Amino acid sequence: MRSPAAISAGALAAVLLAPLTGPATAEPFQLDGDPAPAFVIFSQVNDGGWSQALDEARQRVEDHFGLRIPYVENVPESASAIRPAVELLIDRGANIIVGSAFGYSDTFLELAEEYPNVAFMNPAGTTNAANLQSIYGRTYQSQYLCGMAAAAVSETGRLGFVGANPFGLVNWTINAYLLGARQINPDATVTAVFTGAWNDPVREREAVIALAEQGIDVIGQHVDTPTPPIVAGELGIYATGHHRDLSEFSDATQCSSVWVWDRYLIPEIESIVAGTWEPSPWGAFASIAEGGTDIVCCGDAVPEEAVARIMEERQALLDGKQIYAGPLVDRDGVERVAAGEVIGDGDLWGMDWFLPGVIAQ
Amino acid sequence: MTEAQDLPGRAAAAPATGRRRGRWPHLALEVRQHMPGPQQALMLGASLVAGIAISTLVLVAAGVPAGNLLDEFVISIFTRPRNLANVLVYTAPLVIVGLAAAVAFRARFWNIGIEGQMIFGAIGATLIANHDIGPEGARLYLMAATAAFAGMVWMLVPALLKLRLEVNEIISTLLLNYVAFNFLLFLLYGPWKDPQSAFPHSKMYDAAERLTRIGFFNVDTSIYLAFALAVGCFLLLVVSRFGFLLNFVHANPKMARAMGVRVAVLVLSAALVSAALAGVAGFVISAGIDNRMTQSFFVGYGFSGILIGFLARNNPVLVVFFAALIAVLMVAGQGLQVFYQIPSSMVLLIQAIIVICAAASEFLIRYRLRLVR
């Protein structure tokens, strides 16, 4: 993916202060005319990951509504490129604009103010308004399930993880990967390496090789390319994927944490059409049940019994099970979630700690 | 190969019939003495038209309706003021990075580190903004000056390495880009992350730290700054004594040194001016377009700047023209995607065709193709 989304400490403060400043009495957004969605996509639509997942959702939304949905691809995270693309689409009649990047957040907010009759949705965005909804998925749920699959195929119990940058939404997938793995093997560890970039196949390859040399035999990932499973396949070890089903690139893939944006976007567009769409001022944070990420599981190497347990846990998540439930103490001995409590969304976004069993700098 | 080997034999046999290959009409290249300015402009215009014609053929072959291209695409893209505004917004930083490249290349200093200097420029500007240094009225000027200074500081390393140790600046400036980028990531994931949201970009600049809009959609004062810098560079490179000496260095550094020109000082000065311009470009994007320092504000500008400097043959006036051309190609390219849903790779192909045709005009300005009978 391209970095983060929705809830922030500032937004939380806004929520807490809301009762003092009086409840916002925003009217639901009203669309002029027939819905005409259009997508503005960060990278190429065949990038094998984040952008392609959104484009596949675009096609499913097209089929569902029987609409032709135009898109502009390769739009970098710079206002000088985002604005012309969006304005050209609006000029051509688009009235629901779907973005695809953290770096679109500020520009989308400006555009939402300038075009109050257009609905904006921005996966991985951070800004919200009466006609702008940022969305991200609770990716820790799907990564937790992939962590289970990883532990089930590991002989050493030592798992590796290739992440982009160490901040909230990457850290939560790493901790969740460990929690999932420990459902299967209570002694499992996760060694995380950060490449410093979302899209850097060269460093991802180096990271996987370095991890494998330490005796690690399954590699998880939260980067944008399918490099980790490909390299894992070359080295004869296993991997789990993110964004899309990466088994298309390598048989080493035993589980993939995949975006299912259409499951989120179709009901949203229906509510926009129905005139009942009210974006949340702190963004949408879609769970596995609400169309965030789900899993494609499992590869041939995962034993039947483990597959059954993974599917059981998936059902539990659908039924509302919390992964980050207390007591949780981080690897430095600080209590992060008290017994009987679950983590708040603000703490998820700000997660800068790792559980014991995560090995990272 | 066989034909080439045959030829001398044939030529040897040929005199009997009086038919030598050289007598057949063929094309020859001739160096032109000098083409007058207006004729050069005409040649450039003709090359662009040729590029557009080839691109049109490519588009039509890809299934875009030919009639539709003119009466719908061209009309809607080039007659809407909003599209013009978007072109101007993108043009301003492109002019400045183009100037940065032109000034350095004029001294035969191959500055591939424009992006690194942009990063340091933005870091300098953000330092002033984050700490609210100076009175609000002077804040923007202070940010711009600090950006220029920070760009120069970052350039000192490769410039001195080149002058003192003859380290190739192509390598050192390029590699320092990565160092600068990692330092940017360190700041944005560490001490300078947005204190409000903990997301990896600097905190939003205050109103006094943003370039004001000039009242034409989202165009800000950076467009004036870009034109002023272009005029300044024109005076520096074309009118001033510095520019005259730089021409000398460009033509033949050894000769210049032998004639008593202080080559090292000139090269160092040009490199520093180039880096200061790149730093200002970083400031312009952060304070004019993004209103904060992001992780990716500089991406692509380094190579766009080199391309613009090259196409403009290091001439500041032509830099403005080619920067605008690149900006038009970007907006028109997005328009092609919106109108006809062609893939972005096709747009890149068309942009490349037009840029290569523009570059080819340089060849036709220097040489003449003549039919030899």
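Assorted remarks:
- Count - residues of region A:30-48 that are buried (at least 24 other Cβ atoms within 10 Å of the Cβ) and more than 13 Å from chain B (Cβ to nearest Cβ): 1
- Test result for B:I289, in a helix (DSSP H, G or I) and within 8 Å of chain A (Cβ to nearest Cβ): yes
- Taken residue by residue, region B:202-224 has no member that is out of contact with any helix residue (DSSP H, G or I) (no Cβ under 9 Å at 6 or more places or on another chain), within 25 Å of B:M152 (Cα to Cα) and of a type in the set (A, V, I, L, M, F, W, C).
- The condition of being within 30 Å of B:Y340 (Cβ to Cβ) and in a helix (DSSP H, G or I) holds for only one of B:L142, B:L127, B:L69, B:L99, that being B:L69.
- Some residue of region A:324-334 being within 16 Å of A:G137 (Cβ to Cβ) and in a loop (DSSP other than H, G, I, E, B): yes
- Helices (runs of 4 or more DSSP H) wholly inside region A:163-254 containing at least 2 residues that are hydrophobic (A, V, I, L, M, F, W, C), under 15 Å from the mean Cα position of the chain (by Cα) and not assigned by TED's automatic domain parsing to the domain that holds A:G125: A:168-184
- Residue list for region A:70-81, restricted to those being under 22 Å from the mean Cα position of the chain (by Cα) and facing chain B (nearest Cβ under 7 Å): A:V72, A:E73, A:N74, A:P76, A:E77, A:S78
- From the list B:V97, B:V58, the one residue that fits, being in contact with a Gly (Cβ under 6 Å, 6 or more places away or on another chain) and in contact (Cβ under 8 Å) with a residue 12 or more places away in the chain, is B:V97.
- Complete set of residues in region A:49-69 that are among the charged types (D, E, K, R), more than 9 Å from every other protein chain (Cβ to nearest Cβ) and over 18 Å from the mean Cα position of the chain (by Cα): A:R60, A:E62, A:D63
- Subset of region B:50-79 [more than 19 Å from B:A352 (Cβ to Cβ) and surrounded by fewer than 16 Cβ atoms within 10 Å (Cβ to Cβ)]: B:G63, B:P65, B:A66, B:G67, B:N68, B:L70, B:D71, B:E72, B:V74, B:I75, B:F78, B:T79
- Checked against (1) buried (at least 18 other Cβ atoms within 10 Å of the Cβ); (2) within 14 Å of chain A (Cβ to nearest Cβ), B:S345 passes all but a single condition, namely (1).
- Scan of region B:1-49 for residues that are surrounded by 10 or more Cβ atoms within 10 Å (Cβ to Cβ), modelled with pLDDT of 50 or more and small (G, A, S), ordered by number: B:A28, B:A41, B:G45, B:A46, B:S47
- Qualifying residues in region A:345-358 (those that are more than 14 Å from every other protein chain (Cβ to nearest Cβ) and not hydrophobic (A, V, I, L, M, F, W, C)) - the one nearest to A:A188 (Cα to Cα): A:G357
- Of the candidates A:P84, A:P123, A:P116, the single residue that is within 30 Å of B:V284 (Cβ to Cβ), without any contact (Cβ under 8 Å) to a residue 60 or more places away in the chain and away from chain B (no Cβ under 14 Å) is A:P116.
- Positions within region B:181-203 being within 12 Å of chain A (Cβ to nearest Cβ) and either outside any loop (DSSP other than H, G, I, E, B) or surrounded by fewer than 16 Cβ atoms within 10 Å (Cβ to Cβ) (or both), in sequence order: B:F181, B:N182, B:F183, B:L184, B:L185, B:F186, B:L188, B:Y189, B:G190, B:P195, B:Q196
- Count of residues meeting criterion [of a type outside the set (A, V, I, L, M, F, W, C), closer than 24 Å to A:T107 by Cβ and either more than 11 Å from chain A (Cβ to nearest Cβ) or more than 10 Å from the chain's Cα centre (by Cα) (or both)] in region B:301-329: 3
- In the set (1) in a helix (DSSP H, G or I); (2) surrounded by fewer than 20 Cβ atoms within 10 Å (Cβ to Cβ), the condition left unmet by A:G320 is number (1).
- Considering the conditions (1) out of contact with any Gly (no Cβ under 8 Å at 6 or more places or on another chain); (2) over 20 Å from A:I135 (Cβ atoms); (3) within 14 Å of chain B (Cβ to nearest Cβ), A:K321 is excluded by exactly one of them, (3).
- Only one of the numbered conditions (1) within 14 Å of another protein chain (Cβ to nearest Cβ); (2) surrounded by 15 or more Cβ atoms within 10 Å (Cβ to Cβ) is violated by B:F109, and that is (1).
- Of all residues making up region A:95-112, the number that are surrounded by fewer than 24 Cβ atoms within 10 Å (Cβ to Cβ) and either assigned to a loop (DSSP other than H, G, I, E, B) or at the interface with chain B (Cβ under 7 Å from one of its Cβ atoms) (or both): 2
- Every listed requirement among (1) at positive phi; (2) away from chain A (no Cβ under 14 Å) is met by B:V263 save one, (1).
- Residue within region B:88-99 that is more than 19 Å from A:S80 (Cα to Cα) and modelled with pLDDT of 95 or more present: yes
- Filter result (crowded, with 24+ Cβ neighbours inside 10 Å, polar (S, T, N, Q) and within 12 Å of A:G160 (Cα to Cα)) within region A:214-264: A:Q221, A:T240
- Residue that is surrounded by 17 or more Cβ atoms within 10 Å (Cβ to Cβ) and touching a strand residue (DSSP E or B) at 6+ places or on another chain (Cβ under 7 Å), where the choices are B:G243, B:G288, B:G279: B:G288
- Reported count of residues in region A:69-93, each being buried (at least 23 other Cβ atoms within 10 Å of the Cβ) and either farther than 24 Å from A:D47 by Cα or not assigned by TED's automatic domain parsing to the domain that holds A:A124 (or both), is 1.
- Out of B:Y224, B:Y178, one residue alone is surrounded by fewer than 20 Cβ atoms within 10 Å (Cβ to Cβ), within 14 Å of another protein chain (Cβ to nearest Cβ) and in a helix (DSSP H, G or I). It is B:Y178.
- Taking the numbered list (1) under 24 Å from B:Y178 (Cβ atoms); (2) surrounded by 21 or more Cβ atoms within 10 Å (Cβ to Cβ) in turn, A:A197 passes all entries but (2).
- Residues satisfying the stated conditions in region B:339-354, i.e. over 13 Å from A:N74 (Cβ atoms), in a helix (DSSP H, G or I) and free of Cβ contacts under 8 Å to residues at least 60 places away in the same chain: B:A352
The values are calculated or read from the model by the stated rules, or taken from the named source; none is laboratory data. All of these numbers come straight from a predicted model, not from anything done at the bench. Here the Cβ is made from the backbone with ideal geometry for all residues, glycine too, and neighbour counts use every protein chain on show.
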